[in-house]
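The block underneath contains the structure these notes are about, expressed in structure tokens.
The values are calculated or read from the model by the stated rules, or taken from the named source; none is laboratory data. A quick note: this is a predicted structure, and the numbers were derived from the prediction, not measured. Cβ: placed from backbone, ideal geometry, glycine included. Neighbour counts: every protein chain shown.
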Amino acid sequence: MSSNPLFGILLSIITYAIGTLISKKVKSPLANPLLIAVILSMIFLYYTGITYEDFYVGGEYINFLLGPATVALIVPLFEQIHILKKNFIAILAGILAGSVSALLSVMFFSKLFGFNFPLTISLLSKSITTSIAVELTNEFGGMAAITAVAIMLTGIQGAICGPNFLKKTGVDDPIATGIAIGTATHSIGTSRARKIGEIEGAMSGLSIVVAGIITVVLMPMIIKYV
């Protein structure tokens, strides 16, 4: 039963549904539905003795849908297209700065802590959407499992702490907020941005796509210095 694709799909849906219910009751950034779903899934797999490989038989189908889901995030942007036209240069500059910062910070800390080449490669794409990041990691000799975990942790941390951090640092412009969240924390953060406001959600969705393209272009250049 555990090797049946339906198992991984159903476990993901059920744990996320539980996470959503808890999030609505608790009303706290820490009660992130995805974080709760991950924890519940890990507990279930641990105590049942079911391997991650068996779970991923179904989880792979969900992972496949990340690509179309990412593209679908452009739909809210169409409703805010006038904002994009008016602030195009500033928006592009913000996403570029965020993408470059994400890559350089990984390089800096990897050298600081003495990470080896595969580990550094696996972490370089932690701030972009999974569908792009995993392919980049595989192409350049990294470890896809580490990339997936890094993406998840980055996204959850950003969704929980990002909006409050931006407010405390004086960033209250909806466009800047959306760009910051989307560029740094991809689709997980975007789900939080959409709850903040329509503009924040639209800019965050745009940032996911553009940040992914920028990372694809810059990562081969960065790797030369790993």
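Looking across the range 12-47, the residues that are assigned to a helix (DSSP H, G or I) and charged (D, E, K, R) come down to Lys24, Lys25.
When the range 24-46 is limited to residues that are surrounded by fewer than 19 Cβ atoms within 10 Å (Cβ to Cβ) and under 21 Å from the mean Cα position of the chain (by Cα), the one that is nearest to Gly189 (Cα to Cα) turns out to be Pro29. Inspection of the range 194-207 identifies no residue that is of a type in the set (A, V, I, L, M) and within 19 Å of Met152 (Cβ to Cβ). Does any residue of the range 101-114 turn out to be in a loop (DSSP other than H, G, I, E, B), closer than 20 Å to Val210 by Cα and among the hydrophobic types (A, V, I, L, M, F, W, C)? Checked the range 101-114: no residue is in a loop (DSSP other than H, G, I, E, B), closer than 20 Å to Val210 by Cα and among the hydrophobic types (A, V, I, L, M, F, W, C).
Scanning the range 20-75 for residues that are modelled with pLDDT of 85 or more and of a type in the set (D, E, K, R) returns Lys24, Lys25.
Scanning the range 111-124 for residues that are within 15 Å of the chain's Cα centre (by Cα) and under 24 Å from Gly19 (Cβ atoms) turns up nothing.
Of the candidates Ile151, Ile128, Ile121, Ile146, the single residue that is farther than 13 Å from Val216 by Cβ, in contact (Cβ under 8 Å) with a residue 12 or more places away in the chain and in contact with a Gly (Cβ under 8 Å, 6 or more places away or on another chain) is Ile121.
Can you find a residue that is surrounded by 15 or more Cβ atoms within 10 Å (Cβ to Cβ), modelled with pLDDT of 85 or more and within 17 Å of Lys195 (Cβ to Cβ) anywhere in the range 7-19? Yes, the conditions are met somewhere in the range 7-19.
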